[in-house]
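Below: one structure, written as structure tokens.
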Amino acid sequence: NIFSCGHHRLSAEEVMQWSQSLEKLLASQSGQVAFREFLKSEFSEENIEFWLACEDYKKTKSDHLQDKAEKIYEEFVQIDAAKQVNIDYHTRKATAKKAQDPTFTSFDEAQKTVYVLMERDSYPRFLKSEAYLNLLNKLQVNGHRKWKL
């Protein structure tokens, strides 16, 4: 069961909102968990991991930027990275350059590319997936009984 963690009470309304946009899905902690599980099943969870790492990076204190930028670059951006994200040569090169002298926006371009990829590709498949439809169905059937996530 993909919803066996945390203490968040999930409603059918919230799960239905995920289908409005990828932004709505990612704004929900439970949505992130569900989407990540789905991406795992498609062997592309590095996309959401990179996206989340970039979100976290933007909240980093200036004196930690260098460390975090290096980590994100090595884990997701560089060629042969363990979790290499699918970005074009130009973006990869530009990001490599920005990561050497990091600012809060160093990964913005690459993050946007990965977001668009998820939005166009994985997100529509997620909405048609058994996991999503079953969850929605369960929550609708048990409307009055809230499910624990």
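The values are calculated or read from the model by the stated rules, or taken from the named source; none is laboratory data. Keep in mind the model is a prediction, meaning the values are calculated, not measured. Because the Cβ atoms are built from the backbone with ideal geometry, glycine has one as well, and the counts that use them run over all protein chains shown. Protein only, heavy atoms only, side chains kept; ligands, DNA and RNA dropped before computing areas. Shrake-Rupley method; radii C 1.70, N 1.55, O 1.52, S 1.80 Å.
Leaving ligands, DNA and RNA out of it, rank T113, T95, T105 by accessible area with a 1.4 Å probe, largest first. Write down the numbers at each step before the final one.
Values: T113 45, T95 0, T105 80 Å².
Largest accessible area first, the list is T105, T113, T95.
List every residue whose amide H lies under 5 Å from the amide H of E42, counting only residues 5 or more places away in sequence or on a different chain, with H placed 1.01 Å from N in the peptide plane.
none
Sort M16, M118 from largest to smallest accessible area, using a 1.4 Å probe on the heavy atoms of the protein chains. It would help to have the intermediate numbers written out before the result.
Working: M16 90, M118 0 Å².
So, going from the largest accessible area down, we get M16, M118.
Out of the total accessible area of the chain (probe 1.4 Å, heavy atoms of protein only), what percent is carbon and sulfur? Provide the component values of the computation, followed by the final result.
Values: 4590 of 9000 Å².
Carbon-and-sulfur percentage of accessible area, whole number: 51.
Net charge within 14 Å of M16 by Cβ-Cβ distance, Lys/Arg positive one each and Asp/Glu negative one each, not counting M16 itself? Intermediate results must be reported in sequence, preceding the final value.
Working: positive: K24, K138; negative: E13, E14.
The answer is 0.
Once phi is turned into θ = phi - 60°, what whole-Hz ³J(HN,Hα) does the Karplus curve with 6.51, -1.76 and 1.60 give for every residue of the stretch 108-113, x standing for Gly and Pro?
4, 5, 5, 5, 5, 4
Work out Dmax and Rg for the stretch 14-146 from the C-alpha atoms and quote the Rg first, both in angstrom.
16.5, 53
Could you give me the ³J(HN,Hα) list for the stretch 70-78, computed from phi with Karplus coefficients 6.51, -1.76, 1.60 and θ = phi - 60°, whole Hz, x at Gly and Pro?
4, 4, 5, 4, 5, 7, 10, 9, 4
Sequence gap at least 6, Cα distance under 8 Å: using those rules, report the relative contact order of the stretch 14-146 to the nearest whole percent. Each step should come with its number before you reach the end.
Values: 103 pairs, mean separation 30.9, N = 133.
Contact order relative to length: 23 percent.
How much length is gained if the chain between S41 and E70 is pulled fully straight, taking 0.36 nm per residue apart and subtracting their Cα-Cα distance, in nm to one decimal? If you can, show how the numbers build up before the last one.
Values: separation 29, 0.36 × 29 = 10.44 nm, distance 2.81 nm.
Gain on stretching S41 to E70: 7.6 nm.
Short version: ³J(HN,Hα) in whole Hz for each residue of the stretch 26-33, in order, from phi by Karplus 6.51 cos²θ - 1.76 cosθ + 1.60 (θ = phi - 60°), x for Gly and Pro, what are they?
6, 6, 9, 4, 5, x, 4, 4
Pairs to check: K71/K93; K40/K68; K59/K112; K58/K97; K24/K83; K68/K112. Give those whose C-alpha atoms are more than 20 Å from each other in this structure. Mind showing how you got there, number by number?
On the way: K71/K93 16 Å; K40/K68 24 Å; K59/K112 17 Å; K58/K97 17 Å; K24/K83 25 Å; K68/K112 18 Å.
Correct reply: K40/K68; K24/K83.
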